[in-house]
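Input: a single structure, listed below in structure tokens.
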Amino acid sequence: MKKILSMLLLLTLLFTTLTMGACKPDDENGEEDKVTLNIIDDNYRNWYEIFVHSYFDTNNDGIGDLNGVTAKLDYIQEMGYNGIWLMPIHPSPTYHKYDVTDYYAIDPDYGTLEDFKNLVDEAHKRGIRVIIDLVVNHSSDGHPWFTEACSYIRQNGEPGGKYGDFYNFRITSNGAYHKVSGTQYSYEGQFWSGMPDLNLSSENVRAEIKNIMKYWLIDYNVDGFRLDAVTSYYTGNLQDNIDFLEWLNTEAKAIKPSAYIVGEAWVGDDYTIDRYYESGCDSFFLFTASQAGGSIATAVKQSNGEAVGKLFVELQETYGSDAILAPFLGNHDTMRPGSFMPGVENLKMAAGVLSMMNGGTFVYYGEEIGMISKGGNNSDPAKRIAMKWEDKNIYEGCCYLPPENTPVDETSYYYPSVEEQMEDADSILNYYKEAMELRNRFPSIARGTVTYYPEGNSNYICVITKEYEGEKITIVFNMDSFEQKAILDKEALGFTELVGELYAAGGEFSYDEDGNLIMPGQSIAIFK
């Protein structure tokens, strides 16, 4: 009986191996049969964050542009991303563009409104949604709203006029307030003097924000917004922040019901992040799972399967089923995973755990090739170095470093370029590609109800099931760097075949004479 069982399991493994991958040879003529994807038209997506300046340059001025993003849409689609978040694209005096001078225009360095429209149209043809940064906590001090408001104060001795209530002016002076030159008044600027805070209680400001959202959602057909710095809307006042977000989300959904709203609530506990969901916004970034000290990196570094299982269950219990979680490893404000995950296997495994999480995952450009924060530098520009498409120092499409950075050296790109990693089946890039493909094949990965099965296995092994609208899958993690045995009750778990696999360190799955799964170090198996 054991021999028959082993033979059946081997046949199942062989069949599954033949049907894995983005595509497989179908016959001796080399025709390819693509795997069946099951991408649902909702906001549970594989999101890809792009800093346009450093992505791809099409006019050889050393600055990435919108046409460069359009040129790479096929790559983005092939990698399995079906959503793009564009960091600020509006005119701005800084490289990062989080201080906007015109909310209705495109920064000339990036292109034109026509370029943007073409990008959105081409993305939609490929099933890729596009969201843009909406920065309404503050504007630039060069925005006409602010310059005219300050000019009125200088001429009349007090705030007033068309834009007098757009900002928070008062006769005071402290660390968060900055003098309006030539007057007794100061203005609030929590980040710095070049970013005056908008008065979000002003009906005039809210009307302007509503017009801005309508302009991009309707006239340019964007699919939603990433909201910057939501904890600073009303600094130190959680409830006022939530109330404003509720207003913004309601207005956005009235304009376009499908609009996706994801907020940056940079706080260190799940309870507070969950409070922000009271606003009705779709998502808030899961900062508790991110970065070097977050729950994902910690579980990987500790080879702790139990921590992974408890994380999945605790997130489900904390946030419920209505929240679209937004887990990530790193972004433009944090160290890249390549900088804080020791070794390529750990880097891949962190991506693997991320890819199996509920919600919509976010990946920062270059993360898929292991780009690092330049030389371990934690400065803001160092986190935004140019995407390395080819293994050349100077080539068409290369972007200059953001201002205030130092020259790129070999420490900036510890791992090979996109071009090289594409050809390496075991590369970081191909690991990310396979992980995103699994999310696109099985809707229950992003949406399923989680059950954790801790009994019967070592702490290196994590066994969970996810169920969503009739689909049930079992996901098994070996978090250890060495081979481990997973004891699986197939009848109780309800699966018959292996349908997905991720290997951070190579190897392949096998079975012992009792039918137990033998897992290579740092691997993930999916059964259905």
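The values are calculated or read from the model by the stated rules, or taken from the named source; none is laboratory data. All of these numbers come straight from a predicted model, not from anything done at the bench. With ideal geometry, Cβ positions are generated from the backbone for all residues, glycine too; neighbour counts draw on all protein chains shown. To get the accessible areas, we keep the full protein, side chains included, count just its heavy atoms, and leave off ligands, DNA and RNA. Shrake-Rupley method; radii C 1.70, N 1.55, O 1.52, S 1.80 Å.
Which peptide among 39-48, 176-185 comes first, and what is the full order, when sorted by highest mean count of other Cβ atoms within 10 Å?
With the highest mean Cβ count within 10 Å placed first, the list reads 39-48, 176-185.
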How big is the Kirkwood radius of the chain, worked out from every pair of different alpha carbons and given in Å to one decimal? 24.5
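Summing +1 for each Lys or Arg and -1 for each Asp or Glu, what net charge is found among the other residues whose Cβ lies under 15 Å from the Cβ of Ala299? Show your work: numbers first, answer last.
Details: positive: Lys301, Lys310, Lys348; negative: Glu306, Glu314, Glu345, Asp480.
Spelling it out: positives minus negatives among the neighbours equals -1.
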Acute angle (nearest 10 degrees) that the helix 428-441 long axis makes with the longest principal axis of the chain, alpha-carbon atoms: 80
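How high is the relative contact order of the chain, in percent, counting Cα pairs under 8 Å that sit 6 or more residues apart? Display every interim value, and only then the final one.
Numbers: 1093 pairs, mean separation 77.5, N = 528.
So the answer I get is 15 percent.
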Amide hydrogen neighbours beyond the local backbone of Gly224, cut-off 5 Å, H modeled: Ile132, Tyr260
Probe 1.4 Å, all protein chains in place: accessible area of Ser321 in Å², nearest 10? 100
Just to confirm the number: angle between the C-alpha axis of helix 113-125 and the first principal axis of the chain, 0 to 90 degrees, nearest 10? 20
Might you report the magnitude of the Cβ-based charge dipole of region 111-176 about its Cα centre, with Lys and Arg at +1 and Asp and Glu at -1, to the nearest 20 debye? 140
With charges set only on the Cβ (+1 for Lys and Arg, -1 for Asp and Glu), what does the dipole of the chain come to about its Cα centre, in debye to the nearest 20? 900
Based on the mean of other Cβ atoms within 10 Å per residue, sort peptides 439-447, 233-241 so the most packed one is first. 439-447, 233-241
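With a 1.4 Å probe and all protein chains left in place, how much of the accessible area of the chain comes from carbon and sulfur atoms, in whole percent? Could the numbers behind the result be given before it?
Numbers: 10210 of 21130 Å².
Result for the chain: 48 percent of the exposed heavy-atom area is carbon or sulfur.
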Let me check I've understood the local charge: for Gly164, count other residues with C-beta under 10 angstrom from its C-beta, Lys and Arg +1, Asp and Glu -1. What total comes out? -2
Among Asn43, Gln316, Asn168, the residue whose Cα sits farthest towards the positive end of the charge dipole of the chain (+1 at Cβ of Lys and Arg, -1 at Cβ of Asp and Glu, taken about the Cα centre) is Asn168
